[in-house]
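What follows is calculated from the coordinates using simple rules that are stated; it is not laboratory data. All of these numbers come straight from a predicted model, not from anything done at the bench. Reconstructed Cβ throughout: ideal geometry from the backbone, glycine too, with neighbour counts over all protein chains shown.
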């Protein structure tokens, strides 16, 4: 769970956003 | 009979299948997995350089929303889970504020289970 | 059985929310409810994958009780995860 959340956070931050949305979880899902 | 290719088989492989520089095709590799919460212990792949074609696990994810036709081997349980999660994400993509998943599951929450 | 599954799912969802909040505070970022729901669903389904594998490993070893060696087998494909699980297992054993 922590890994998924942290990867989602990194993805959001990479897009200069301060909120993790479902799209960010979707993007990291395959590799996760 | 042996694990090793015969010289005829090797010649065939080298001629038809082996990737050579003259083919103008970069070696395909998977992107290196990177952990955020664990120490990264994976071996750094040798050819992570520019002359490798990094495959993407996520570029085609939107199309992985249904089981595609199979031939001899059916899809795995893990595959069906992935498809179901992608479908769930699609349904929730445009939600703002209240979350339908949360509203549906909340009534079942029993703090003794935590 | 459905009620039991829904209770489990709700418990997982709540816990995922708590763990995500910890990550949120650490990373100074927010999580939308929908992103937490997605992580929760992924987790729940992954637990199902784990449970099936664990049962199979134990059966293969002719056991009726799943043990820590079975759990370590789950982590076999990732050096990082295997090391973490092995360390945790040793800590628990102490």
Query raised in the report: What list do you get for B:17, B:101 if you sort them by fewest beta carbons within 10 Å?
Result: B:17, B:101
Query raised in the report: Expressed as an acute angle from 0 to 90° and rounded to the nearest 10, what is the orientation of the C-alpha long axis of helix C:33-60 relative to the principal long axis of chain C?
Result: 0
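Using 1/(1 + (r/R0)^6) with R0 = 25 angstrom and r between the beta carbons of residue C:21 and residue B:103, what's the FRET efficiency to the nearest 0.05? Please report the intermediate quantities before stating the final value.
Values: r = 19 Å, r/R0 = 0.77.
About 0.85, to the nearest 0.05.
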Requested in this report: Only helical DSSP H runs with n ≥ 4 go in: add -39500 (n - 2.57) per run for chain B, normalise by residue count and round the 222 nm mean residue ellipticity to 500 deg cm²/dmol.
Outcome: -8500 deg cm²/dmol
Query raised in the report: For residue C:90 and residue B:23, FRET efficiency with R0 = 51 Å and r from the beta-carbon atoms, rounded to 0.05?
Result: 0.55
Query raised in the report: What is the distance, in nm, between label points placed 7 Å from the Cα along the Cα-to-Cβ direction at residue A:18 and at residue B:55?
Result: 4.0
Query raised in the report: Most fluctuating residue of C:55, C:25, C:41 in a GNM of chain C with Cα springs under 10 Å: which is it?
Result: C:25
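What shape does chain C take by its C-alpha gyration tensor, where a ≥ b ≥ c are the square roots of the eigenvalues and a/c under 1.5 counts as rounded, a/b above b/c as prolate, and the rest as oblate? Walk me through the numbers on the way to the answer.
Details: a/c = 2.49, a/b = 1.42, b/c = 1.76.
Here chain C falls in the oblate category.
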**Report entry** Alpha carbon centroid spacing (whole Å) that separates region B:1-45 from region C:1-24
**Finding:** 41
Query raised in the report: Residue separation times 0.36 nm, minus the C-alpha to C-alpha distance between residue B:62 and residue B:13: what's the value?
Result: 14.1 nm
Query raised in the report: Roughly how many nanometres apart are two label points built 7 Å out from the Cα toward the Cβ at residue A:32 and residue B:75?
Result: 1.9
Query raised in the report: Does anyone have the angle between helix B:7-16 and the longest principal axis of chain B? Alpha-carbon axes, 0 to 90°, nearest 10?
Result: 60
Report summary line: Measuring from the longest principal axis of the C-alpha atoms of chain C, the long axis of helix C:79-93 (C-alpha) lies at a number of degrees, nearest 10, equal to 80
Query raised in the report: Considering chain C as a Gaussian network with a 10 Å cut-off on Cα pairs, which listed residue, C:33, C:52, C:72, attains the greatest mean-square fluctuation?
Result: C:33
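Wrap a convex hull around the Cα atoms of the protein assembly as shown, take a quarter of its surface area, and give that in square nanometres. Please list the in-between numbers first.
Numbers: hull surface 78.1 nm².
Averaged projected hull area, Cα only: 19.5 nm².
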Query raised in the report: Starting at 0 and stepping by 10 Å, how many percent of the alpha carbon pairs of region B:65-109 end up in each bin?
Result: 23, 36, 27, 12, 2
Report task. Kindly provide the helix-only [θ] at 222 nm of chain C, computed as the sum of -39,500 (n - 2.57) over DSSP H runs of four or more divided by all residues, to the nearest 500 deg cm²/dmol? Result -> -27500 deg cm²/dmol
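Could you work out how much longer the chain between residue C:52 and residue C:3 gets when fully extended? Use 0.36 nm per residue separation minus the Cα distance between them, nm to one decimal.
Details: separation 49, 0.36 × 49 = 17.64 nm, distance 2.05 nm.
Going from the current span to full extension adds 15.6 nm.
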**Report entry** Normalised per residue, the volume of the convex hull around the Cα set of chain B (Å³)
**Finding:** 291
